[in-house]
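S.K.: This structure is in structure tokens; I'll ask about it shortly.
The values are calculated or read from the model by the stated rules, or taken from the named source; none is laboratory data. Computed from a predicted model, the values in this text were never measured in an experiment. As a convention, Cβ positions derive from the backbone with ideal geometry for all residues, glycine included, and neighbour counts pool all protein chains shown.
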Ligand code: OFO
């Protein structure tokens, strides 16, 4: 008989091996969920830094990025659930809250995206090794996304280098970054 308590505390889904998603892969996907949550946290922290520096366009760009990262989280979350597996959330590391300049902030963002790309690539390697075609297919979206993420952060780094100490150039870039719209989910 199903008790009310069972509805609120359903038994944990099996997180062990099965023929679809290996236990190792499940652990790695759960870690990736955490990494994407950290990305969102990092960009929200950068957004707060730019708000404080009166650079509303930079802040808005970072805020859109923070939200986009939550979309990445949910994409992985939904995949794990769809495979009948259990999402396990863990503590999110505290992000930095200060950068020495807008350039340092975006250099940090670019470096971070390169790390995320390396993580995605090792997940793909694992899926290939496991003959896990479904997970590999799901991850290909992230492979393409990382190309875009790296390109947009690196383009802003280059523009900031061109701007240098020119306050007017910085404000023009700020106006340009304010135009970024959230992507359709
Ligand atoms: Fe999720 O792509 Fe950035 O971190």
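S.K.: Condition (residue is crowded, with 16+ Cβ neighbours inside 10 Å and part of a helix (DSSP H, G or I)) applied to segment 79-92: is it met by at least one residue?
M.R.: Yes, the conditions are met somewhere in segment 79-92.
S.K.: Here is a follow-up. I need every pair where a residue in segment 107-125 that is within 12 Å of residue 151 (Cα to Cα) and in contact (Cβ under 8 Å) with a residue 40 or more places away in the chain has its Cβ under 6 Å from the Cβ of a residue that is within 12 Å of the ligand (Cβ to nearest atom) and assigned to a helix (DSSP H, G or I), sequence separation at least 6 or different chains.
M.R.: Listed by first residue and then by second, the contacts come to 109/153; 110/153; 113/149; 113/150; 113/153.
Conditions tested, residue by residue: (1) modelled with pLDDT of 95 or more; (2) assigned to a helix (DSSP H, G or I); (3) closer than 16 Å to residue 123 by Cβ.
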{"position": "12", "(1), (2), (3)": "no, no, no"}
{"position": "19", "(1), (2), (3)": "no, no, no"}
{"position": "29", "(1), (2), (3)": "yes, yes, yes"}
{"position": "33", "(1), (2), (3)": "yes, yes, yes"}
{"position": "45", "(1), (2), (3)": "yes, yes, no"}
{"position": "48", "(1), (2), (3)": "yes, yes, no"}
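S.K.: Take the residues in segment 52-63 that are within 12 Å of residue 178 (Cα to Cα) and more than 12 Å from the ligand (Cβ to nearest atom), then tell me which one is surrounded by the fewest Cβ atoms within 10 Å (Cβ to Cβ).
M.R.: Filtering segment 52-63 down to residues within 12 Å of residue 178 (Cα to Cα) leaves 55-63.
Imposing the further condition that a residue be more than 12 Å from the ligand (Cβ to nearest atom) reduces the set to 55-61, 63.
Working: 55: 21, 56: 14, 57: 19, 58: 25, 59: 21, 60: 19, 61: 26, 63: 19.
Taking the candidates together, the pick is 56.
S.K.: Something else about it: Of the residues that sit in segment 68-78 and are within 20 Å of residue 112 (Cβ to Cβ) and over 9 Å from the mean Cα position of the chain (by Cα), which one is surrounded by the fewest Cβ atoms within 10 Å (Cβ to Cβ)?
M.R.: Going through segment 68-78, the residues within 20 Å of residue 112 (Cβ to Cβ) turn out to be 68-76.
Pick out the ones that are also over 9 Å from the mean Cα position of the chain (by Cα) and you get 74-76.
Values: 74: 13, 75: 16, 76: 22.
This residue is 74.
S.K.: Of everything in segment 134-185 that's more than 16 Å from the ligand (Cβ to nearest atom) and at pLDDT below 95, which residue is surrounded by the fewest Cβ atoms within 10 Å (Cβ to Cβ)?
M.R.: Step one: list which residues in segment 134-185 are more than 16 Å from the ligand (Cβ to nearest atom), which gives 134-137, 158-179, 181, 184.
Retained after the next criterion (residues that are at pLDDT below 95): 165, 181, 184.
Details: 165: 7, 181: 7, 184: 5.
It comes out as 184.
S.K.: Is it the case that some residue within segment 100-121 is surrounded by fewer than 19 Cβ atoms within 10 Å (Cβ to Cβ), over 26 Å from residue 180 (Cβ atoms) and out of contact with any strand residue (DSSP E or B) (no Cβ under 8 Å at 6 or more places or on another chain)?
M.R.: Checked segment 100-121: at least one residue is surrounded by fewer than 19 Cβ atoms within 10 Å (Cβ to Cβ), over 26 Å from residue 180 (Cβ atoms) and out of contact with any strand residue (DSSP E or B) (no Cβ under 8 Å at 6 or more places or on another chain).
S.K.: Given the criteria within 13 Å of the ligand (Cβ to nearest atom) and touching a helix residue (DSSP H, G or I) at 6+ places or on another chain (Cβ under 6 Å), does residue 66 qualify? Step through it out loud before you land on a result.
M.R.: Values: within 13 Å of the ligand (Cβ to nearest atom): yes; touching a helix residue (DSSP H, G or I) at 6+ places or on another chain (Cβ under 6 Å): yes.
Yes.
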